[in-house]
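Written out below as structure tokens is the structure these notes cover.
The values are calculated or read from the model by the stated rules, or taken from the named source; none is laboratory data. As the structure is a computational prediction, the values presented were derived from the model and not from experiment. Here Cβ is always computed from backbone atoms with ideal geometry, including for glycine, and neighbour counts include all displayed protein chains.
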Amino acid sequence: MARWQRPRQRGLIAVLAAVAAGASCFCGLLLDKPGQSRTALHGARQVIEDMYAAVNARDLEKAMTYVADDVVYEDFTFQEAFEGKDKVRELFAEAMELPKGLDFVIDSTAGGDSWSEDDGVGMTWHVEFDGVALPNGRGVSLYRTQGAKLVYARDIVESPLKLGGAALAIVGFIAPIIRASREPGQALSAAAAFAAAAAAYWYVLLLSPQGQFDFLVGPPAWAIDEKTMKNVVDESLNFFYIWPALNGLGLPSPTSLLGIAIPEVDPLRLAVFNLAEAYAFMFLPLMLWDRPQRKDVAKWWSPAMFLTNAVLLPYFSTRALEPGAPGSKPSWAPVFGLTALAVAVLAFWQAWGLFGGFGELIFSDRVAFAFIVDCTLFALLQGYVFSASEGPVWRFIPFLGLAAWLIVPDVQRPSDDSA
């Protein structure tokens, strides 16, 4: 029996040895296949890791061995994709001109460990210099490989502009316009007109470079100087003349409690500022009456108290796309009307006798010019809202008509069935 088992064991060992030898030869063929890199067996992850190791080492030729001839590389910091190996070579070459020590560091990967030559991998990464992570240097990428070479890449880099909730507001502004574009009509025309007006307002009054328009004197918002900033702050401290009035009456105010002196502001400039702010102030009850079904009116009006028509014009663009009818005037509307009217009286009283310098002021100061444009647009918006409903004609009088409409109670018309 033992004699029979020993040959059997020898035969089994021989078979296993033969299988092992065959497997070894098969793997060797895979590894030594002409034109195939060993990294192909590790999938896209290893290919991309090796490629960026070469980029960090500033070895352009080695990095390009991992790139296919027909590659498409999308980097969202550039306007257009890099198509073809030569374009990607230019991109890598430009990156390699940066100081050594500025490295692309992979944080985590998802997938990419297939043994197939055709694979894909997702990565999160950051850029650092001498081991220190750079601000706004994070990103996420998707890579696809074929034949162990990169054929497609998409890099999404962290934005330096952190819009936060404003990003959702922008989406909310654009989405109704896109939806309405599928059903052309009067609403879309009105929305497009308000959107165009908003774009013009933003560019001309806030963003246009100094000197582009002869009627605008002063720096744009993105290059505001110390003098303009001081004027804005000083006017804000005199908002609605509240704090100066409290100080004048000997009553405590935030400025007195904090030991902040109320700055002296040119009365005419301050009058223009407070008139524009009083006009914007009255739009909250007007907008709530106009579209009672909207729950976001206060969210639009609040920033409009600081940015005026830079916010109100986009709001009216979205309003044009939402059918609705006026509701009831808010019970507290008279408070807003009386407050705005009181501010207007104070403004004219403070600036009385100085209106001869009105033209010189608005054509020598971009901010003052913008407030005059705001008051003109407020008057147009006031008429636009009232034109959609019946009511007394005096409602259309700029500023005063709106203040009076807020103050005067609604008159209930008797029904036809009443005796």
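Some points to look at:
- Failed criterion for T339 (all others in (1) surrounded by fewer than 19 Cβ atoms within 10 Å (Cβ to Cβ); (2) without any contact (Cβ under 8 Å) to a residue 12 or more places away in the chain; (3) touching a helix residue (DSSP H, G or I) at 6+ places or on another chain (Cβ under 8 Å) hold): (2)
- Taking the conditions (1) surrounded by 11 or more Cβ atoms within 10 Å (Cβ to Cβ); (2) within 26 Å of L380 (Cα to Cα); (3) without any contact (Cβ under 8 Å) to a residue 24 or more places away in the chain in turn, D214 satisfies each one other than (1).
- Of residues in the range 365-393 being touching a residue at least 40 places away in the same chain (Cβ under 8 Å) and over 31 Å from the mean Cα position of the chain (by Cα), the one farthest from G327 (Cα to Cα): A388
- Some residue of the range 203-210 being surrounded by fewer than 15 Cβ atoms within 10 Å (Cβ to Cβ), modelled with pLDDT of 75 or more and not in a helix (DSSP H, G or I): yes
- All helices (runs of 4 or more DSSP H) inside the range 29-101 with 1 or more residues being at pLDDT below 90 and farther than 13 Å from Y152 by Cβ: 43-56, 85-96
- Per the listing P285, P323, P263, P292, the residue uniquely at pLDDT 90 or above and outside any helix (DSSP H, G or I) is P292.
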